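Each remark here refers to the structure printed beneath this line.
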Amino acid sequence: GAGVSQTPSNKVTEKGKYVELRCDPISGHTALYWYRQSLGQGPEFLIYFQGTGAADDSGLPNDRFFAVRPEGSVSTLKIQRTERGDSAVYLCASSLSTDGFTDTQYFGPGTRLTVL
Amino acid sequence: GQNIDQPTEMTATEGAIVQINCTYQTSGFNGLFWYQQHAGEAPTFLSYNVLDGLEEKGRFSSFLSRSKGYSYLLLKELQMKDSASYLCAVRDGGYSTLTFGKGTMLLVSP
């Protein structure tokens, strides 16, 4: 079956603009995660959804960042008033089990965001 | 919180064996993962350890010692396609999210 997909693959925007990044998880996966990866670094956790609700949003850097998953499948990460420091690859991952403790996260190819 | 350390870069020769170490300091622990990431691509799952000992999967093996806060990934019979970044990640005992190290860039030469 299909893996995790993310769109767009690349996004270039200007400082101060609003952007939306989309993630389509593996079918049937209830848990969905957003990470951010800067060059030469490992992925950094942003937010975790279990179904439709955000179970843990402690990684969101500030209130310019927001994510939704209204139907428990596709998720959108929204960034307001983008800053140059937001430039990174935004990775989405999904996992199967409802408790999230024992299963494996599968990653999408990421969206490379560049803020000019 | 978590602190995860792994070497920045390693080099090895095709056909050889290489061991990539990872040490961690955590307030909780519920498993350690290794991922492979080729440049510009998504991390792909390699292995998972939650109990002490060695997990073997083909050319790749992963070892965990919880008392020492230590893991390693062993790659045998290296191939050129194994050139990639290898990410060590720990799952905190209270959460399902992962905390990643910075990754070890492995370069396999002919």
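The values are calculated or read from the model by the stated rules, or taken from the named source; none is laboratory data. Bear in mind the structure is a predicted one, so any value in this text is a computation, not a measurement. Cβ sites come from the backbone with ideal geometry, for glycine too, and all protein chains shown count toward neighbours.
Table for the structure above
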quantity	calculated
Residues of the stretch A:24-47 that turn out to be among the β-branched types (Val, Ile, Thr) and either in a strand (DSSP E or B) or loosely packed, with under 15 Cβ neighbours inside 10 Å (or both), as a count	1
Pair list, Cβ < 7 Å and 6+ apart or interchain, from the stretch B:13-26 residues that are under 17 Å from B:Ser47 (Cβ atoms) to residues that are of a type in the set (A, V, I, L, M) and part of a loop (DSSP other than H, G, I, E, B)	B:Val18/B:Leu78
All strands (runs of 3 or more DSSP E) inside the stretch B:2-44 with 2 or more residues being within 13 Å of another protein chain (Cβ to nearest Cβ)	B:2-5, B:18-26, B:32-37
Verdict on B:Lys76 being more than 12 Å from the chain's Cα centre (by Cα), modelled with pLDDT under 95, farther than 23 Å from A:Leu39 by Cβ and basic (Lys, Arg)	no
Given (1) touching a Leu at 6+ places or on another chain (Cβ under 9 Å); (2) surrounded by fewer than 21 Cβ atoms within 10 Å (Cβ to Cβ); (3) within 14 Å of chain A (Cβ to nearest Cβ), number of the condition B:Asp52 does not satisfy	(3)
Top-ranked residue in the stretch B:83-110 [being surrounded by fewer than 20 Cβ atoms within 10 Å (Cβ to Cβ) and of a type outside the set (S, T, N, Q); ranked as farthest from A:Gln41 (Cα to Cα)]	B:Pro110
Candidate set from the stretch A:48-94 (those that are among the hydroxyl-bearing types (Ser, Thr, Tyr) and outside any strand (DSSP E or B)); member that is nearest to B:Phe100 (Cα to Cα)	A:Ser58
Residues within the stretch A:72-108 that are under 11 Å from the mean Cα position of the chain (by Cα) and either at pLDDT below 95 or within 14 Å of chain B (Cβ to nearest Cβ) (or both), tallied	8
The lone exception for B:Lys68 - which of (1) away from chain A (no Cβ under 11 Å); (2) in a strand (DSSP E or B) it fails	(2)
Where B:Ser27 falls short, out of the listed (1) of a type in the set (Ser, Thr, Tyr); (2) modelled with pLDDT of 95 or more; (3) over 20 Å from A:Ser97 (Cβ atoms)	(2)
Conditions (1) within 14 Å of another protein chain (Cβ to nearest Cβ); (2) touching a Phe, Trp or Tyr at 6+ places or on another chain (Cβ under 6 Å); number of the one not met by A:Ser9	(2)
Residue identified as among the charged types (D, E, K, R), within 12 Å of chain B (Cβ to nearest Cβ) and crowded, with 16+ Cβ neighbours inside 10 Å among A:Arg69, A:Arg112	A:Arg112
